[in-house]
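First, the structure itself, so that you have it in front of you.
The values are calculated or read from the model by the stated rules, or taken from the named source; none is laboratory data. What you see is a predicted model; the values in this text were computed from it and never measured. Counting neighbours? That spans all protein chains shown, and the Cβs are built from the backbone with ideal geometry, glycine included. With ligands, DNA and RNA removed, areas are computed over all heavy atoms of the protein, side chains included. Shrake-Rupley method; radii C 1.70, N 1.55, O 1.52, S 1.80 Å.
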Amino acid sequence: MSNISRKFKDMTDTGLLLTITIVVFFLMYIGAIVFQGKGFLKPQTFFNILNANAALIILACGMSIVMITGGIDISVGGVTALVSMSCAVYLDYKGGNVAASMLIAIGIGLAYGLVQGFLVAYLDIQPFIVSLAGMFFARGMTTIVNTNPFNVQNESFVALKDTRIIVPGMGSVNKLGKYVNAYVEIGVIVALIIVILMFCLLRWTKLGRSFYAVGGNKQSALMLGINVKRTKFMSHMLCSLLAGIGGYVYFLHVGSGAATHAQGAEMNAIASSIIGGTMLTGGVGNIIGTFFGVLSLSTIQNIVSSAGLDQAWWTGITIAAMLCIFLVIQSVVMARKKRAVKK
Amino acid sequence: MANEALLSLRGIDKVFPGVMALMGVDFTLRKGEIHALMGENGAGKSTLIKVLTGVYTKDNGTIELEGKEVSIRSPQDAQHLGISTVYQEITLCPNLSVAENMYIGRSDDIYQNWKKMNEGADKMLKSLDIPARATQQLGSCSIAVQQMVAIARAVDMDCKVLILDEPTSSLDDQEVQKLFKLMRELKGRGVGIIFVTHFLDQVYEVCDRITVLRDGKLVGEYEIKDLPRLQLVSKMLGKELDDLSDIHTEENASHIDEKGEPLFEAEGLSSTEGIKPFDFYIRKGEVNGFTGLLGSGRSECVRAIFGADRVVSGTVKKDGKTIKIQKPIDAMKNGIGYLPEDRKVDGIIGDLSVRENIILALQVMKGFFKPFTKAEAYAFADEYIKALSIKTASADTPIKSLSGGNQQKCILARWLLTHPDYLILDEPTRGIDVGTKVDIQKLVLKLASEGMSITFISSETDEMLRTCSRLIVMRDRRVVGELKGEDLTQNKIMSTIAGGDEAK
Amino acid sequence: MSIGKNRNVTDIFGKLFKNQIFIPLAAMFILLLFNLVADPSFFKITMGYNSAGNPVLSGYLMTILDNGSELAILAIGMTLVTAASGGQDISVGAAIAIAGSTLLRALCGTNTRPDTLRMPIFVAFIISCLVAMAFGAFNGALVSIFKIQPMVATLILYTAGRSIAAWINNNELPIISEPKFGYYGGFIPGIPIPTPFFIAAAMVVIITLVLKFTNLGLYTQAVGINESSSRLNGLNPVFIKWLTFVILGACVAVAALIKVSRLSSINYSVIAKDIEMDAILAVALGGNALGGGKFNMASSIIGAFVIQMLTTTLFKFQVPSDALPAYKAVVVILLVVFSAPVVRDKMSQIIKKMNSRKGAV
């Protein structure tokens, strides 16, 4: 018993919350298999969750980085919509090519990061306000770029969008007795690469550790010789860049431009990060946790919809409930841990 | 001589809004010496150090390191120049591991090599006998260990100049000795050490030279052998020494009714902040005090009395009747006032005006639906601005733009306005100018002679000796003794704090 | 702090700048001037008759008074929440949907096209008010008891609110034909000034009285500036923060009454959309620090009408409603940039330099 409590005390905050997240995800997935039937046993069900949420994973990675540094960025959904629309218009109306459209996405992300990062880091304006304005600007700009939603017809783009990457050995036999290969979309590969890259960045680079230090205690970080302003700036830069990339992955998944795209994506990204064990107060969090956060969030959405509660409002309510529960868990666990350390 | 100078500061000025924190200060540090920087709270020590470490930028003056003029604009600059600092308050990140805290922000490498870092940290921790593991999260270590980690970091950085800003306040004797050993070792290697402390003993134990500051000005630089303690104290206090001598405890003690029921009494009181249950009483018109080192639990005791921390056990009586104090408002309604230790965090409400700050406590007691009229509020404020001679442009000035001493007077006014029977003053003289310190001490004695009971806490023992007629001594969050009458001497206090018979 | 040589000039400027109400008034002045130059028809007010044959005043200025009312009402609550908690409630739009939905449910029951109302409008309003305050209390509890940042705590209701609103009426869209219900968001027969304006005025009077005859103002500011110190002065910061969210809940219910009355129906996903942005903007434009602490209620209320003026002006110049946020975002950014302490310090340094140069000459 005392051994366990000692371990509990010694665990880093990040490790503790990460453990909670992973345990919760597996319990939930097992629960889904038990109560919702075999559908959840099929690997393709899991891959479909990945396919549908590749963009969200990327957005949530960026969000986690900003949150670890002690900030927040609610413009990512807006940026996603803006990227989709800009690229769609470029590809179809201006006859652009796919490679250049990717550059546009990255360019929009970088521009956002530059402006928001500067305002937050160097002018010391609250990140929430800056990114709230950023979100509205992006949404507004999207309709200015083009008002009506439309599907992209550009051939090479459509080909790219429909590319399926077969996952060997994971297929299943369908009702007609035919073997169907399991597949993922390109976006999933991009998302996984980004998860790995960001994990390494946070774990093994000076910049990554600076994010934690600044989020843990800004004043101390300054005294420890970290360039706090630059670190904050970089966190926003990275988040917006990932929003640009995530936006393109989203675009690749839906294949259209619309002002209503990725509505509420910022909320999902924040919720995923929080469920994944990123503390709002900064300094604590992990990309692997965030990855599982996204999976947990979408698994529960799947459970809700396969339970027959298909009305749109249930999704909103479940996400909010999850968010609420995890926020309270965080608040309670950290308070208890603090008390344990004191004694 | 000159070529020995490792670091020299010339004519440093630093101005804060409304305050001249440093005026033309010179300071010289030589290779391989331990140099004490002395001065009372608010003398400018911390400001000077923060200028030196790039936290503040100086307004005037030059800094030379090894004969070359340098500009230090940020803590990174200072680090790169080989100036490392250990601050009184922990300036590490609690969410990172011990090893990371020792190494972060130091190298220009892009990659962080955990293995190498953990090994290095473990070696360092072992060699300094610090009871922590490299992979442990810093936040799970005790404050003393965190402080030691900060020192380990500074030591590990191969610095030319090491600044220790009151590092010993949370360390016990053994740990202090360990630190001194380390300091002497570094000195042998030619490192220049600037040592700031409030403990005179420590200064005479390890230092070679003393620089004294007062009110933001340089008083002088002395060889340790040329400056006996008494002179050092008088240099730190300045002329005010004579002014203080007319305050006497005797006149205070005489009017206390020794036999009657105590005004306030507590039995077995303890709070969530980890103090051992303690008993306490105070009589009408008495001034008593809690003494002990920083972190000994003296503030926690009075916070428990006021209900500022959650009380977990004990009974409290006021005028012989049992009362319940669970939160500050309960204490206030029972005629208790509390001036908190940390003025900025717990005392002032920065953006509100002097007037609002003064009336706040009384207003809260009067009730939500009964606000004072503007005229009443101004009358109260003006009365106390005058009575305590608070220097402010008007009653509408935001309190944060006043100097520390005047802010403290406002907080004092706030509590006096509630006309308490029992007033707790926790470090009322910290970080304020000497003149105001004297004013406050005199006021305490005057109030007591008018029948108010006062508990007075100060880090400066002589202030307590001057004002209190009874001292409760604390060590390690436990009451270890009570001194009064003849026993009220510096030596006796020291020996009680240190632990009974070990006294010299 | 003091700028030095040109004391007279800087003093006058200082006084003007220091008075918080100057900021929204200046913004209003700029907008009015712009409209005057660009198209004076902005100021035209005409007397006409609406479809029910009642006299009504119309014109851009009336639109501002009319549509700015909900915003002004929300700004009252938002100012208090901002002051006490140092954050903003971003769920007010969703909460309006909930309150509005409750109001309709109370009035219509399960019948979506009722001929008679099930209860007096006033009683239904009280019910919806209680519901809105309960949701405010939920937000408040997360913020004050669980110490979650306000914006993130209210994110929960922001995400779920419109869904809850739809659920209350089982995703039906009730329509009320009773003309009296339309008075709150339209015109009372015989009075040519829009009713919302009167409701907003009543709310302003109430809050003025409350601030004058209670310590709400002092307490919220004290808690917002220094929570720890307020506690040691006998205040209960947890309760006060919670209370401001409940008050905002009441403001939300009033705004919801107007919003629902305007349509005599509801659209869950569109009603009061993005109003949280405008409400926060009103507080900011009023010169109140979004980090909490001191506030100026009058300034916020004027701020709300200025925001509406901006919206109306943009509409007038044919900016499509979907693109509106982009323009407002630019205004917000300019506003926060110029009120950022860093920028202010830099500017006062520049002024100082210019002054000293003048002095030298």
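Going by the structure shown, is C:Gly14 under 28 Å from C:Asn355 (Cβ atoms), at pLDDT below 80 and surrounded by 14 or more Cβ atoms within 10 Å (Cβ to Cβ)?
Numbers: under 28 Å from C:Asn355 (Cβ atoms): yes; at pLDDT below 80: yes; surrounded by 14 or more Cβ atoms within 10 Å (Cβ to Cβ): yes.
Yes; evaluated as a whole, the condition is true for this residue.
Considering only helices (runs of 4 or more DSSP H) fully contained in region B:395-504, which possess at least 3 residues that are out of contact with any Leu (no Cβ under 7 Å at 6 or more places or on another chain) and within 26 Å of B:Ser46 (Cβ to Cβ)? Can you show your working first?
Numbers: elements: B:404-417, B:434-449, B:461-467, B:490-498.
Output list reads B:404-417, B:434-449, B:461-467.
All but one of (1) out of contact with any Lys or Arg (no Cβ under 7 Å at 6 or more places or on another chain); (2) at pLDDT 85 or above; (3) open to solvent by 60 Å² or more (accessible area, probe 1.4 Å) hold for B:Asn118; which doesn't?
(3)
Can you tell me which of C:Ile176, C:Ile199 is among the β-branched types (Val, Ile, Thr), touching a residue at least 24 places away in the same chain (Cβ under 8 Å), surrounded by 22 or more Cβ atoms within 10 Å (Cβ to Cβ) and under 19 Å from C:Ser264 (Cβ atoms)? Working first, answer last.
Working: C:Ile199 fails: surrounded by 22 or more Cβ atoms within 10 Å (Cβ to Cβ).
Selected residue: C:Ile176, the only one of C:Ile176, C:Ile199 that is among the β-branched types (Val, Ile, Thr), touching a residue at least 24 places away in the same chain (Cβ under 8 Å), surrounded by 22 or more Cβ atoms within 10 Å (Cβ to Cβ) and under 19 Å from C:Ser264 (Cβ atoms).
Are there any pairs with C-beta distances below 9 angstrom linking a residue in region B:219-234 that is part of a strand (DSSP E or B) to a residue that is charged (D, E, K, R) and open to solvent by 40 Å² or more (accessible area, probe 1.4 Å), with the two at least 6 apart or on different chains, and if so which?
B:Val219/B:Lys235; B:Gly220/B:Lys235; B:Glu221/B:Asp26; B:Tyr222/B:Lys235; B:Glu223/B:Asp208
Another question, then. Run C:Ala289 past the list (1) assigned to a helix (DSSP H, G or I); (2) under 18 Å from the mean Cα position of the chain (by Cα); (3) within 11 Å of another protein chain (Cβ to nearest Cβ) and report the number of the one that doesn't hold.
(1)
Here are C:Thr102, C:Thr79, C:Thr116, C:Thr63: which of them is more than 14 Å from chain A (Cβ to nearest Cβ), in a loop (DSSP other than H, G, I, E, B) and polar (S, T, N, Q)? Show your work before the answer.
On the way: C:Thr102 fails: in a loop (DSSP other than H, G, I, E, B); C:Thr79 fails: in a loop (DSSP other than H, G, I, E, B); C:Thr63 fails: in a loop (DSSP other than H, G, I, E, B).
Selected residue: C:Thr116, the only one of C:Thr102, C:Thr79, C:Thr116, C:Thr63 that is more than 14 Å from chain A (Cβ to nearest Cβ), in a loop (DSSP other than H, G, I, E, B) and polar (S, T, N, Q).
Hey, among the residues in region B:86-115 that are open to solvent by 90 Å² or more (accessible area, probe 1.4 Å) and more than 7 Å from chain A (Cβ to nearest Cβ), which one's farthest from B:Ile194 (Cα to Cα)?
B:Lys115
Here is a follow-up. What's the number of the only condition in (1) out of contact with any helix residue (DSSP H, G or I) (no Cβ under 7 Å at 6 or more places or on another chain); (2) touching a residue at least 40 places away in the same chain (Cβ under 8 Å) that A:Ser220 fails to meet?
Exception for A:Ser220: condition (2).
Filter region A:37-65 down to the residues that are open to solvent by less than 30 Å² (accessible area, probe 1.4 Å), touching a strand residue (DSSP E or B) at 6+ places or on another chain (Cβ under 6 Å) and among the polar types (S, T, N, Q) and list them by number.
Scanning region A:37-65 gives a single hit, A:Asn51.
When the residues of region C:317-340 are filtered to those that are more than 16 Å from C:Gly286 (Cα to Cα) and in contact with an Asp or Glu (Cβ under 9 Å, 6 or more places away or on another chain), which remaining residue is most open to solvent (accessible area, probe 1.4 Å)? I'd like the intermediate steps shown before the answer.
Applying the first criterion (more than 16 Å from C:Gly286 (Cα to Cα)) to region C:317-340 yields C:317-327, C:329-330.
Still in the list and also in contact with an Asp or Glu (Cβ under 9 Å, 6 or more places away or on another chain): C:317, C:324-325.
Details: C:Phe317: 89, C:Leu324: 14, C:Pro325: 20 Å².
In this case the residue turns out to be C:Phe317.
So which residues in region B:325-371 are in a loop (DSSP other than H, G, I, E, B) and more than 9 Å from chain C (Cβ to nearest Cβ)? Give the derivation first.
Going through region B:325-371, the residues in a loop (DSSP other than H, G, I, E, B) turn out to be B:325-327, B:334-335, B:340-342, B:348-352, B:367-371.
Selection gives B:Ile325, B:Gln326, B:Asn334, B:Gly335, B:Glu341.
Which residue, of A:Ala121, A:Ala159, is in contact (Cβ under 8 Å) with a residue 24 or more places away in the chain and of a type outside the set (D, E, K, R)? Full working, then the answer.
Working: A:Ala159 fails: in contact (Cβ under 8 Å) with a residue 24 or more places away in the chain.
Just one listed residue meets the conditions, A:Ala121.
Quick check: anything in region B:362-369 outside the structural domain of B:Lys391 (by TED's automatic domain parsing) and either under 30 Å from C:Ala289 (Cβ atoms) or at pLDDT below 90 (or both)?
no
Out of everything in region B:161-190 that is more than 17 Å from B:Tyr204 (Cβ to Cβ) and not in a helix (DSSP H, G or I), what residue ends up being nearest to the chain's Cα centre (by Cα)?
The selected residue is B:Asp165.
So C:Thr208 clears everything in (1) within 14 Å of another protein chain (Cβ to nearest Cβ); (2) closer than 27 Å to B:Ile411 by Cβ except one condition, right? Which one?
With (1) within 14 Å of another protein chain (Cβ to nearest Cβ); (2) closer than 27 Å to B:Ile411 by Cβ applied to C:Thr208, the lone miss is (2).
Sticking with this structure for a sec: Return the residue satisfying two criteria in turn: it lies in region A:138-157 and is within 20 Å of C:Ile333 (Cα to Cα), open to solvent by less than 30 Å² (accessible area, probe 1.4 Å) and of a type outside the set (S, T, N, Q), and of such residues it is farthest from the other protein chains (Cβ to nearest Cβ).
Ranking the candidates gives A:Ala138 first.
Can you find even one residue in region B:51-74 that is out of contact with any strand residue (DSSP E or B) (no Cβ under 7 Å at 6 or more places or on another chain), within 13 Å of another protein chain (Cβ to nearest Cβ) and surrounded by 22 or more Cβ atoms within 10 Å (Cβ to Cβ)?
Yes, there is a match, as at least one residue in region B:51-74 is out of contact with any strand residue (DSSP E or B) (no Cβ under 7 Å at 6 or more places or on another chain), within 13 Å of another protein chain (Cβ to nearest Cβ) and surrounded by 22 or more Cβ atoms within 10 Å (Cβ to Cβ).
Can you tell me which residue among A:Ile226, A:Ile245 is assigned to a loop (DSSP other than H, G, I, E, B) and surrounded by 15 or more Cβ atoms within 10 Å (Cβ to Cβ)?
Details: A:Ile245 fails: assigned to a loop (DSSP other than H, G, I, E, B).
So the residue among A:Ile226, A:Ile245 that is assigned to a loop (DSSP other than H, G, I, E, B) and surrounded by 15 or more Cβ atoms within 10 Å (Cβ to Cβ) is A:Ile226.
Could you please give the count of residues in region C:39-60 that are assigned to a helix (DSSP H, G or I), without any contact (Cβ under 8 Å) to a residue 40 or more places away in the chain and either open to solvent by 50 Å² or more (accessible area, probe 1.4 Å) or among the hydrophobic types (A, V, I, L, M, F, W, C) (or both)?
Step one: list which residues in region C:39-60 are assigned to a helix (DSSP H, G or I), which gives C:40-43, C:60.
Add one more test, that the residue is without any contact (Cβ under 8 Å) to a residue 40 or more places away in the chain, and what stays is C:40-41, C:43.
Checking the rest, the ones that are also either open to solvent by 50 Å² or more (accessible area, probe 1.4 Å) or among the hydrophobic types (A, V, I, L, M, F, W, C) (or both) come to C:40, C:43.
Going through region C:39-60 one residue at a time, the tally reaches 2.
Please give the number of the condition A:Ile189 fails out of (1) β-branched (Val, Ile, Thr); (2) away from chain C (no Cβ under 14 Å); (3) closer than 30 Å to A:Ile226 by Cα.
For A:Ile189, the failing item is (3).
Scan region B:114-135 for residues that are in a loop (DSSP other than H, G, I, E, B) and of a type in the set (A, V, I, L, M, F, W, C) and report the count. Break it down into steps so the answer makes sense when it comes.
Quick first cut of region B:114-135, residues in a loop (DSSP other than H, G, I, E, B) only: B:128-135.
Next, from what is left, pick out any that are of a type in the set (A, V, I, L, M, F, W, C): B:128, B:130, B:132, B:134.
Result for region B:114-135: 4.
If you don't mind, another one. Kindly provide the set of residues from region C:292-311 that are in contact with a helix residue (DSSP H, G or I) (Cβ under 7 Å, 6 or more places away or on another chain), within 14 Å of another protein chain (Cβ to nearest Cβ) and open to solvent by 20 Å² or more (accessible area, probe 1.4 Å), ordered by number.
Once the filter is applied, which keeps residues that are in contact with a helix residue (DSSP H, G or I) (Cβ under 7 Å, 6 or more places away or on another chain), within 14 Å of another protein chain (Cβ to nearest Cβ) and open to solvent by 20 Å² or more (accessible area, probe 1.4 Å), region C:292-311 yields C:Lys294, C:Phe295, C:Leu310.
Do we have any residue at all in region C:149-162 that's within 14 Å of another protein chain (Cβ to nearest Cβ), buried (at least 23 other Cβ atoms within 10 Å of the Cβ) and under 30 Å from B:Pro371 (Cα atoms)?
Yes: one or more hits.
Can you tell me which residue in region C:266-277 is nearest to C:Met28 (Cα to Cα), limited to those that are in contact (Cβ under 8 Å) with a residue 12 or more places away in the chain and open to solvent by 20 Å² or more (accessible area, probe 1.4 Å)?
As a first pass, look at region C:266-277 and keep what is in contact (Cβ under 8 Å) with a residue 12 or more places away in the chain: C:266-269, C:271-277.
Of the ones still in play, those that are also open to solvent by 20 Å² or more (accessible area, probe 1.4 Å) are C:267, C:269, C:273-274.
Working: C:Asn267: 32, C:Ser269: 31, C:Lys273: 24, C:Asp274: 22 Å.
Applying the filter and picking the extreme gives C:Asp274.
If you scan region A:264-284, which residues turn out to be at pLDDT 90 or above and either within 14 Å of chain B (Cβ to nearest Cβ) or touching a Leu at 6+ places or on another chain (Cβ under 6 Å) (or both)?
A:Ala269, A:Ser272
Yes/no matrix, rows are residues, columns are (1) within 13 Å of another protein chain (Cβ to nearest Cβ); (2) assigned to a helix (DSSP H, G or I):
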{"site": "C:Leu130", "(1), (2)": "no, yes"}
{"site": "C:Met133", "(1), (2)": "no, yes"}
{"site": "C:Asn170", "(1), (2)": "yes, no"}
{"site": "C:Tyr184", "(1), (2)": "no, no"}
